[in-house]
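A.B. asks: Got a structure for you, questions after.
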Amino acid sequence: MASQWEEFLKEGEELFQYMLHHYDDMFDGDCVKHFDIWYATWWMQTHYRDVKKLCGNDIQAELVRWIHLEAESNRLFDPNYWKPFRDGDTLIYMSLGYKKLFVYKGYYFQLQIEATHSYCIHCDRNDNLIHFDLGLYGWKDEHSDKVLPYNDVVVLSDHMMPERDWNRK
């Protein structure tokens with residue numbers, strides 16, 4: 001019997017392959033289809049709703065440009081930049097997370113590929129919808145080089161997720 005992590009690796013590969021073959025279908029003009037903001041790590045659960053309200057839909061145009069730049073660099077299509085991340089609430093669910101963090105107005109987000117298994121809050125279809133989301137990773141202010149609110153990790157100028165969090169299972 002396969003372990004939960006092996007199942008996540010298999011599901012992650014399916015999500016990655018979907019993105020490779022349906023990349024253009026994941027957008028609706030300057031918007032990401034079925035877009036939402038969640039949390040990238042369980043300790044952001046108490047913060048993501050406020051940041052989501054603050055960013056609103058304005059974040060989408062910049063995010064879409066950034067995703068396309070990542071695609072042009074071929075990083076987005078490199079499997080070494082993607083790995084499964086367990087859901088902080090329900091450890092049996094996962095998202096496929098991107099290693100390079102998206103920065104918007106001082107907030108750090110992890111690009112994620114999600115599979116909505118039973119519903120989508122943005123449409124009335126009940127099918128498996130695979131889409132990009134953002135997960136809040138943290139934020140920085142002018143007083144610290146560490147990511148807040150816990151002030152214990154530094155994101156370097158390349159915006160890659162620190163190894164401590166990238167290597168988690």
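The values are calculated or read from the model by the stated rules, or taken from the named source; none is laboratory data. Just so it is clear, the model here is predicted, and its values are computed rather than measured. Positions of Cβ are generated from backbone atoms using ideal geometry, with glycine treated the same way; all protein chains shown enter the neighbour counts.
A.B. asks: With the structure loaded, tell me whether Val51 is aliphatic (A, V, I, L, M), closer than 22 Å to Asp165 by Cβ and part of a strand (DSSP E or B) or whether it fails that test.
C.D. replies: Answer is no for this residue.
A.B. asks: Out of all the residues in the range 130-152, which are part of a loop (DSSP other than H, G, I, E, B) and either within 16 Å of Lys100 (Cα to Cα) or in contact (Cβ under 8 Å) with a residue 12 or more places away in the chain (or both)?
C.D. replies: Scanning the range 130-152 gives Lys140, Asp141, Val147, Pro149, Tyr150.
A.B. asks: Here's something else I'd like to know. Output the qualifying pairs, or none if there are none: Cβ atoms under 6 angstrom, residues six or more apart or on different chains, first residue in the range 92-112 and on the phi > 0 side of the Ramachandran plot, second residue surrounded by fewer than 23 Cβ atoms within 10 Å (Cβ to Cβ) and assigned to a strand (DSSP E or B).
C.D. replies: From the range 92-112, the pairs are Gly106/Trp139.
A.B. asks: Six or more apart or on different chains, Cβ atoms under 6 Å: show the pairs whose first residue is in the range 76-87 and under 16 Å from Tyr39 (Cβ atoms) and whose second is among the β-branched types (Val, Ile, Thr).
C.D. replies: none
A.B. asks: Ok, one more. Just name the residue that is surrounded by the most Cβ atoms within 10 Å (Cβ to Cβ) out of those in the range 4-47 that are of a type in the set (Gly, Ala, Ser) and at pLDDT 85 or above.
C.D. replies: Gly12
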